[in-house]
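Presented below is the structure to which this report refers.
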Amino acid sequence: MSTQYKTIARRFVEEIFNGRKTEAAKNFVTTDIIYHGMAEEVRGLEEFKKWVAEDLSAFPDLRITILEDLVDQNKVALRWNLKATHEKDFADFPATHKKFETQGVEILHFEGDKIKEAWSMGNMADLVQ
């Protein structure tokens, strides 16, 4: 099952964030997902899709590269690199229209073959430099 979780986690990043297919979230997360983002927490599939769409709007060229993945039982940890241009206001940060790069970690907790809860940690200071 650990190989399956890694595959799902990588597809989740590739399709939802890099592929900008927010509607595909239903294939990867539970309807009652709890997503602890860097700037806020969202609950439920519809709120998650809305949150992703807002992020992609603020960073229209966002690209996440997974650098490493680790599995422990029903959890996957992803170490990632993110490159994007900050085109619209995000959280409390006004748009800079500058390219930036940052790294972070995502921890995905699976229930069956879907993500039930997730934690995202990264360096928000990279956004405003």
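Using the Karplus curve 6.51 cos²θ - 1.76 cosθ + 1.60 with θ = phi - 60°, work out ³J(HN,Hα) for each residue of the stretch 32-37 in order, rounded to whole Hz, and write x for Gly and Pro.
Going residue by residue, I get 10, 3, 10, 10, 8, x Hz, with x marking Gly and Pro.
Quick one: in the stretch 50-106, what % of C-alpha pairs are over 15 Å apart?
Details: 888 of 1596 pairs.
Counting pairs separated by more than 15 Å, the tail of P(r) holds 56 percent.
What is the angle, in °, between the Cα long axis of helix 45-58 and the longest principal axis of the Cα atoms in the chain? Nearest 10 is fine, range 0 to 90.
Around 30 degrees separate the two axes.
How many Å² of accessible area per residue for the chain, probe 1.4 Å?
Working: 6950 Å² over 129 residues.
Spelled out: the 1.4 Å probe surface of the chain, per residue, equals 54 Å².
So how tilted is helix 2-12 from the main axis of the chain? Cα-based, degrees 0 to 90, rounded to 10.
So the inclination is approximately 30 degrees.
Using Cα springs under 10 Å in a Gaussian network model of the chain, which residue among F90, F12, F110 shows the largest mean-square fluctuation?
F90
Strictly greater than 19 Å: what percent of every Cα pair in the stretch 1-104 meets that?
Working: 2498 of 5356 pairs.
More than 19 Å apart: 47 percent of the Cα pairs in the stretch 1-104.
Assigning unit charges at the beta carbon (Lys, Arg +1; Asp, Glu -1) and nothing else, what dipole magnitude in debye, to the nearest 20, does the chain show about its Cα centre? Before the final figure, lay out each step's value.
Values: 18 positive and 23 negative charges, 78 e Å.
Dipole of the chain, to the nearest 20 debye: 380 debye.
For the stretch 1-47, give the percent of accessible area contributed by carbon and sulfur heavy atoms, probe 1.4 Å, rounded to a whole number. Before the final figure, lay out each step's value.
Details: 1190 of 2540 Å².
Roughly 47 percent of what the probe reaches on the stretch 1-47 is carbon or sulfur.
How much net charge surrounds K50 when only the other residues with a Cβ under 13 Å from the Cβ of K50 are counted, with Lys and Arg +1 and Asp and Glu -1? Don't skip to the answer; put the middle values down first.
On the way: positive: R43, K49; negative: E23, E40, E46, E47, E54, D55.
Summing Lys/Arg as +1 and Asp/Glu as -1 gives -4.
The values are calculated or read from the model by the stated rules, or taken from the named source; none is laboratory data. All values reported here derive from a predicted model rather than from experimental measurement. Note that each Cβ is placed from the backbone with ideal geometry, even for glycine, and that neighbours are counted across all protein chains shown. The accessibility values were calculated without ligands, DNA or RNA, using every heavy atom of the protein model including side chains. Shrake-Rupley method; radii C 1.70, N 1.55, O 1.52, S 1.80 Å.
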